[in-house]
1. For Ser200, state whether it is under 26 Å from the mean Cα position of the chain (by Cα), buried (at least 16 other Cβ atoms within 10 Å of the Cβ) and under 30 Å from Val13 (Cβ atoms).
2. Looking at the structure I just gave you, is Ile181 assigned to a helix (DSSP H, G or I), out of contact with any Ser or Thr (no Cβ under 8 Å at 6 or more places or on another chain) and either open to solvent by 60 Å² or more (accessible area, probe 1.4 Å) or among the polar types (S, T, N, Q) (or both)?
3. Hey, can you tell me all the residues within the range 142-161 that are among the hydrophobic types (A, V, I, L, M, F, W, C) and either in contact with a Leu (Cβ under 7 Å, 6 or more places away or on another chain) or open to solvent by less than 30 Å² (accessible area, probe 1.4 Å) (or both)?
4. Out of all the residues in the range 230-254, which are at pLDDT 90 or above and either farther than 16 Å from Glu303 by Cα or in contact with a Lys or Arg (Cβ under 9 Å, 6 or more places away or on another chain) (or both)?
5. So for the range 28-44 (the condition being out of contact with any His (no Cβ under 7 Å at 6 or more places or on another chain), closer than 23 Å to Asp170 by Cβ, surrounded by fewer than 19 Cβ atoms within 10 Å (Cβ to Cβ) and not hydrophobic (A, V, I, L, M, F, W, C)), does at least one residue qualify?
6. Evaluate the following for Val224: is it in contact with a Pro (Cβ under 7 Å, 6 or more places away or on another chain) and open to solvent by 40 Å² or more (accessible area, probe 1.4 Å)?
7. Within the range 280-291, can one find any residue that is assigned to a loop (DSSP other than H, G, I, E, B), surrounded by 14 or more Cβ atoms within 10 Å (Cβ to Cβ) and either at pLDDT below 95 or of a type in the set (S, T, N, Q) (or both)?
Amino acid sequence: MMQSLRPLEGITVVSLEHAIAAPFCTRQLADMGARVIKVERPGVGDFARGYDERVNGLSSHFVWTNRSKESLTLNLKDEEGKVIIDKLLSEADVLVQNLAPGAAAGLGLSAAVLHKKNPRLIVCDISGYGENGPYRDKKAYDLLIQSEAGFLSVTGTADEQAKAGCSIADIAAGMYAYSHILAALIKRGRDGVGSHIDLSMLESLTEWMSFPMYYAYQGASAPVRSGAEHATIYPYGPFTAGDGKVVMLGLQNEREWKVFCESVLKNPVLTQDARFSTNSRRHENRAELRQLILDMFAPLTAEQVVARLDDAQIANAHVNTMQDLWQHPQLAARERWAEVGSPAGTLPALLPPGVNNTYDFRMDPIPALGQHTDTILGKLGYAQAQIKQMRERGAI
C-alpha cells in the first residue's frame, strides 16, 4: 500500500459531546486523521463512560466511539474555562456539539457568535429535533427518536413493537453529521467560508424510514410488523432446518423464485402454483408458502440448506450471535481487526468500513478522562502553576 497523508490530517475538531451521536461522528473524523479534542466535564466526563463496565471495566459504548481522541476536562461555566474554549475555537476547524437544547448557545457558543470570531469555523449542532419548530426544546434519546420516527410501528411482531438492538437514531445522526462536515470542509476549501450545520436525529431517522413511508403513501396501510421476515417481499426471512438451526434467505425476483423451486426445494411444480406466481401473491399467501418451505427443509440440516442455496446462487446468511460475529471468518480473512490502547489495556477494534489503497486509518488509544488536559493547556501557553490553580478550583 502506498502510504500518504490521511485525508483530515491538519484538521482540528473540538467536540462538546456525550452519548453516541456526536462521539460517533467525531470518531470517524479521527479515523481519517483529524485531531479531535473531546471536552468533558471535570470529574465526571462524558456520561457514556458510565453506561456499563463490559470491556475490562470500560463502557462498551465509550470504547466504540472514542478512540484516537484527546480528552480535555473543562468547566465551561468558569471564567477561565470560557477563555480556554475561546482559544481552542479560534484555531479550530470544526466544532461539534450535542449538549442539551440551547445549552451551547447559553454558553456563548452559537454559530452566529462563533462565526464573528472565526468565520472559517464549521459548527455542527446535533440535536433531537433541530434548532426550531415546536419540538426544539424536547430532550431526545435514541429510543424516543425511534418512536417519534415511526420505526417502532413497523418493527417487531404482530403482537409487540420492538426497538432496534443498536442505537440507530444516534448512528444515523452521527453518520449524517460526519458527511455534512466533510462536505463543509470541501466547500470551505473552495470559498474560504465556514458553515453552520443544524443536524436533527428525527430527520436523520425519518430519511431511513422512507420506504415504509412511501409504502403507506396517501393513507395506504403501512408494512405490517413481521419479526425477522421482510414485511413485503416473500420468501425473505428466517427458516428453520431439520436440525433446529435457522437459515436466513431472500428472493428478489421471479427468476430467483423459479431457481429456488427447482434447485433448492426440488419442487418445480410450485412455479405453476397461482398462489405464488408473483411476489404480491406470495406475500398474500405467505403462511401457506412458509409451511411448504419448512416441510421441505425438515429432512435437511442447516448446512445442507445453505449448500443448496449457495449452489443455486440464492442469497442466504447465518443467523449469528455476537460471539459468532467476533469470530466471523470473512472479517478475519479481510484482516478487519486491529488493536487500540485504552486505560484498561490493549483492546480489539474493528477497522472502519471501506479500504483505501493510499492510507491507513488512524487507530490510536481511547483516552482516560482528562488525560490530555495538561498537554493541551501547555500548548495554549499555560504554565504548570496556572494549571494547578485551575484544577484546584474545579475549572479543569
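The values are calculated or read from the model by the stated rules, or taken from the named source; none is laboratory data. What you see is a predicted model; the values in this text were computed from it and never measured. Neighbour counts run over all protein chains shown; Cβ positions are idealised from the backbone, glycine included. Ligands, DNA and RNA are excluded from the accessible area calculation, which covers all protein heavy atoms including side chains. Shrake-Rupley method; radii C 1.70, N 1.55, O 1.52, S 1.80 Å.
1. Details: under 26 Å from the mean Cα position of the chain (by Cα): yes; buried (at least 16 other Cβ atoms within 10 Å of the Cβ): yes; under 30 Å from Val13 (Cβ atoms): yes.
Here the answer is yes, as Ser200 does meet what is asked.
2. Against the criterion (assigned to a helix (DSSP H, G or I), out of contact with any Ser or Thr (no Cβ under 8 Å at 6 or more places or on another chain) and either open to solvent by 60 Å² or more (accessible area, probe 1.4 Å) or among the polar types (S, T, N, Q) (or both)), Ile181 does not qualify.
3. At the first step, the residues of the range 142-161 found to be among the hydrophobic types (A, V, I, L, M, F, W, C) are 143-145, 149, 151-152, 154, 158.
Selection gives Ile145, Ala149, Phe151, Leu152.
4. Residues of the range 230-254 that are at pLDDT 90 or above, as a first pass: 233-254.
Matches in the range 230-254: Ile233, Tyr234, Pro235, Tyr236, Gly237, Phe239, Gly250, Leu251, Gln252, Asn253, Glu254.
5. Yes, that holds for at least one residue.
6. Numbers: in contact with a Pro (Cβ under 7 Å, 6 or more places away or on another chain): no; open to solvent by 40 Å² or more (accessible area, probe 1.4 Å): yes.
For Val224, the condition - in contact with a Pro (Cβ under 7 Å, 6 or more places away or on another chain) and open to solvent by 40 Å² or more (accessible area, probe 1.4 Å) - is not met.
7. Initial filter on the range 280-291 (assigned to a loop (DSSP other than H, G, I, E, B)): 285.
Going one step further and asking which of them are surrounded by 14 or more Cβ atoms within 10 Å (Cβ to Cβ), we end up with 285.
Among the residues that remain, those that are also either at pLDDT below 95 or of a type in the set (S, T, N, Q) (or both) are: 285.
Yes - at least one qualifying residue is present in the range 280-291.
Conditions (1) part of a strand (DSSP E or B); (2) open to solvent by 60 Å² or more (accessible area, probe 1.4 Å); (3) touching a strand residue (DSSP E or B) at 6+ places or on another chain (Cβ under 8 Å); (4) β-branched (Val, Ile, Thr), marked per residue:
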| residue | (1), (2), (3), (4) |
| --- | --- |
| Val305 | no, no, yes, yes |
| Arg308 | no, yes, no, no |
| Gln323 | no, yes, no, no |
| Ala338 | yes, no, yes, no |
| Asn357 | no, yes, no, no |
| Pro365 | no, yes, yes, no |
| Gln371 | no, yes, yes, no |
| Lys388 | no, yes, no, no |
